[in-house]
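The values are calculated or read from the model by the stated rules, or taken from the named source; none is laboratory data. In this text, all values refer to a predicted model and were calculated from it rather than measured experimentally. Glycine also receives a Cβ, built like all others from the backbone with ideal geometry; neighbour counts cover every protein chain displayed. Just so you know, the surface numbers come from the protein's heavy atoms only, side chains and all, with ligands and any DNA or RNA stripped out. Shrake-Rupley method; radii C 1.70, N 1.55, O 1.52, S 1.80 Å.
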Amino acid sequence: LLIHNGGYRWNNGDGTTSISKENLGLFPITGGVIRILSPSQDSLNFLLNEWEKQLKKYGFKGSISSGELIDDAFEFMLEHIDDHQGKSAKPISATTRKSLHEIYKPDDSPTNKSSIATIIELNGTRILMLADAWAEDIVLSLQQLKEQGQSMIFDAIKISHHGSYHNTSPELLDLIDSPVYFISSNGNKHDHPDIETLIAIVDRPSTFSRTLYCNYATVASTELKNYQTKSEAKFSVIENVCDWIAFTGNKQC
């Protein structure tokens, strides 16, 4: 809406062409490219179908087209639809903590499925930005790039949906890795990040040390600081990171 009101050009156009893998798989920038991993056009259609169901639910019978009123209603729906769906109960054990493999349940939010996830390649540095995307969609896109010879070791990874266990699957973690992870969440809304996600990240065997940067201290990040990995892989947790993070590329990987 702000892009529209400001008259800005985006996606090499006027905003009427959606950002998707099919419409804009590769976006050139000075010194590099941005690769679009999600959403697909099917994902956007999935969200549109949910939007139409919501309109009918509340008795709307007018034309569904772009306009200030419809756009405002759509933005409102995106902000509140996931709140109504809620977060499913996390399986727990009376004796030992369950692993991500045991509790993982794929995200079913059409809003998150429409998230724009990217690989940003700039001056030799590659950063995987997963937004709130579904793990299954990301795995599909990354597998295609891996078959083309692309490395699945990144200089940094922003994990999906604030570290929710619904958005980082064991299959995704089997595919990607990095010495640097970003976790963006204050933990207030849905208790993100989930400790099971963070443990699954650091438990994997590794020849390099991982650093998890959190913009807030949360229950999970604080607990992780005292965790001993099963694989003896080295890691560190840095909380309350609100400034620039400098790194010069992942030469050790």
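Computed with a 1.4 Å probe over protein heavy atoms only, the accessible surface of the range 139-253 comes to 50 Å² per residue. Shape of the range 110-152 from its Cα gyration tensor (a ≥ b ≥ c, root eigenvalues): rounded if a/c is under 1.5, otherwise prolate when a/b > b/c, or oblate? Oblate is the answer for the range 110-152, as a/c is 1.5 or above yet b/c matches or exceeds a/b.
Close amide H partners of D194, meaning residues 5 or more places away or on another chain with modelled amide H under 5 Å apart, are S164, Y165.
As a calculated quantity, the FRET efficiency between K105 and N5 at R0 = 41 Å, using C-beta atoms, amounts to about 0.60.
Listed values for the range 35-41 are Karplus-derived 3J(HN,Hα) couplings in whole Hz (6.51 cos²θ - 1.76 cosθ + 1.60, θ = phi - 60°), namely 9, 8, 9, 7, x, 8, 5, and x replaces Gly and Pro. Evaluating 6.51 cos²θ - 1.76 cosθ + 1.60 at θ = phi - 60° for every residue in the range 155-170, the Karplus couplings come out as 6, 7, 9, 8, 6, 6, 6, 6, x, 5, 6, 7, 10, 10, 8, x Hz, glycine and proline recorded as x. Under 5 Å between amide hydrogens, built in the peptide plane, is the criterion, and for T211 it picks out V180, Y181, S236 among residues at least 5 positions away or on other chains. Measuring r between the beta carbons of L145 and E223 and using R0 = 51 Å, the FRET efficiency lands at 0.90. Looking at the range 102-188, the DSSP beta bridges with both ends there are about 45 percent antiparallel.
In this structure, the pairs whose alpha-carbon distance is over 21 Å, taken from K98/K225; K98/K230; K21/K113; K53/K113; K113/K158; K113/K230, are K113/K230.
All other residues whose Cβ lies under 12 angstrom from that of N49 are scored, Lys and Arg at +1 and Asp and Glu at -1, for a net of 0. Summarising the amide proton neighbourhood of S185: residues at separation of 5 or more, or on other chains, whose placed amide H is nearer than 5 Å comprise N215, Y216.
Rounded to whole numbers, the Karplus 3J(HN,Hα) couplings from phi for the range 212-223 are 9, 9, 10, 6, 9, 7, 10, 4, 5, 5, 5, 5 Hz, using 6.51 cos²θ - 1.76 cosθ + 1.60 with θ = phi - 60°, and x at Gly and Pro.
Once the Cβ-Cβ distance of I153 and K230 is raised to the sixth power relative to R0 = 22 Å, the FRET efficiency obtained is 0.55.
Rounded to two decimals, the Cα-based Rg/Rh of the range 141-181, with Kirkwood Rh, is 0.97.
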